[in-house]
Amino acid sequence: NFSRVTEFILLGLSDRKELQVLFFTFFFLAYAMVLLGNLLIIVTVRTDPKLSSPMYFLLCNLSFIDICCTSVTSPRMLVDLLSQKKAIAFEDCIAQLFFLHFVGASEMFLLTVMAYDRYTAICKPLHYTAIMSRQVCWVLVSACWAGGFLHSIVQTLLTIQLPFCGPNKIDNYFCDVPPVIRLACTDIYVTEWLMASNSGLISLVCLLVLVTSYTFILVTIRVRLTEGHWKALSTCASHVMAVILFFVPCTFIYLRPFSTFPSDKHICVIYTVFSPVMNPFIYTLRNNEVKASMWKLWKRCRV
C-alpha cells in the first residue's frame, strides 16, 4: 500500500451538537438492548434442554453474530459522538471494515440456512430430523463463518491495495467499503465492479434463495392446513421480518457500484443497529416456547 493517509475523519450522522447528544442516548440504549437481549437468548437456549432443536441452535448462533455485528460499529460511534475530532487510524479503519464484512456476510449465510431449516421442517417433516441433524447444523454454521471470512478477505485486499493520498473524510459513522474506496487516488472503476459483484451479488443471491424458500413454504401451507403447519408459518413470519430488515438495506447499499446518496449512512443504521435490536423481539415475542423458557430461567435466578 502506497498510502500517505494515516487516518480518516468520520463525519458521522450529524455535526449538530444537540443531535449528537440525542443520537448518543438513542444508540447507547440500542446497544445495551442488543447485548442484553441477545445474551438472554443465548443463555436461555443453552440452559433449557427443551430448546435443543436445530431452529434454536441456529437462533443462538444468530444472536451471537448480532452481538458481534453491532459491536464492530456501535462502540466507536458512541465514542465519536462525544468527541470533537472523529478520527480513526488507517489500520483501525481497515480492521473495522474487515470485521464488519466478516460478521455481516456470516449473518447473511446464516439467515439463509435458517430459511432452509424452516423449509425442511415444513415441506419435509418426516425427514427433518435426519436432514437437520446436530452434525449437519455444525457443518452449516461453520460454512457460514468460512464464507463470511472469504468474502471479507476479498473486500479487504481490494481496499488496501488502493493508494490513499488526498481527501480523508468519510461521510459515514464507520468505515465501509463504498465510502472508503471513493477516497482512493486512482481510477476505481474495476475495483467497484469487483466489490459490487462480491457484496451486492451475495446479498441479492441470498435474498432470492430466501424468497424461493418461503414461496415453497407458503405453497405447502396452502395445501396442508394443519395446526402444526400454521405454528411453523408463525415462526417463518418472524424470520421474514428479520430478513427484510437486514437484506433490503444491504442489497440497496452494495449492489450499486457507481452512485452514492446522502441517505446511505442513515440506511446503514438499519442493518447495523435496528436489525440486531429487533431480532430478540422478533424471535422471542412470537415464540411461546422461548418465552416460557425465559420465564423459567427468571424464576430460577430469583430463587
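The values are calculated or read from the model by the stated rules, or taken from the named source; none is laboratory data. The model shown is predicted, which means the values in this text are computed figures rather than measured ones. Backbone-built Cβ (ideal geometry, glycine too); neighbour counts: all protein chains shown. Side chains included, ligands, DNA and RNA excluded: accessible areas come from the protein's heavy atoms. Shrake-Rupley method; radii C 1.70, N 1.55, O 1.52, S 1.80 Å.
Among the listed values (i) 63, 47, 30; (ii) 71, 42, 34; (iii) 56, 47, 38, the one matching Cα extents along the principal axes in Å as calculated from this structure is (i). In summary, the lysines within cross-link reach of LYS124, defined as a Cα separation below 28 angstrom excluding same-chain residues under 8 places away, comprise LYS50, LYS231, LYS291.
Model label points for PHE274 and LEU201, set 7 angstrom from Cα along the Cα-to-Cβ axis, are 2.9 nm apart.
Ligands, DNA and RNA left out, the accessible area of the chain computed with a 1.4 Å probe is 70% carbon and sulfur.
For the chain, the longest principal axis of the alpha carbon atoms and the long axis of helix 189-223 meet at an angle near 20°. Free of any chymotrypsin sites (Phe, Trp or Tyr not before Pro) that DSSP assigns to a loop and that have at most 14 other C-beta atoms within 10 Å, the longest stretch within the chain is 3-257. The residues of the chain expose on average 49 square angstrom of accessible surface per residue, using a 1.4 Å probe on protein heavy atoms. 3J(HN,Hα) along segment 99-109, derived from phi through the Karplus expression 6.51 cos²θ - 1.76 cosθ + 1.60 where θ = phi - 60°, amounts to 5, 4, 6, 4, 6, x, 5, 4, 5, 4, 5 Hz, with x in place of Gly and Pro.
Taken one residue at a time, the phi angles of segment 116-131 give Karplus couplings (6.51, -1.76, 1.60, θ = phi - 60°) of 4, 4, 5, 4, 5, 5, 8, 8, 9, x, 5, 9, 4, 4, 6, 6 Hz. Gly and Pro are set to x.
Checking the cross-link filter: which lysines have an alpha carbon closer than 29 Å to that of LYS265, excluding same-chain neighbours under 8 positions apart? Of all the lysines, those that pass the test against LYS265 - Cα under 29 Å, at least 8 places apart if same chain - are LYS17, LYS85, LYS86, LYS169.
When the Cα positions of TYR56, LEU35, LEU19 are compared along the charge dipole of segment 1-138, TYR56 comes out farthest toward the positive end, with charges on each C-beta of Lys, Arg, Asp and Glu. The mean sequence distance of close C-alpha pairs (under 8 Å, at least 6 residues apart), as a share of the length of segment 3-156, puts its relative contact order at 31 percent.
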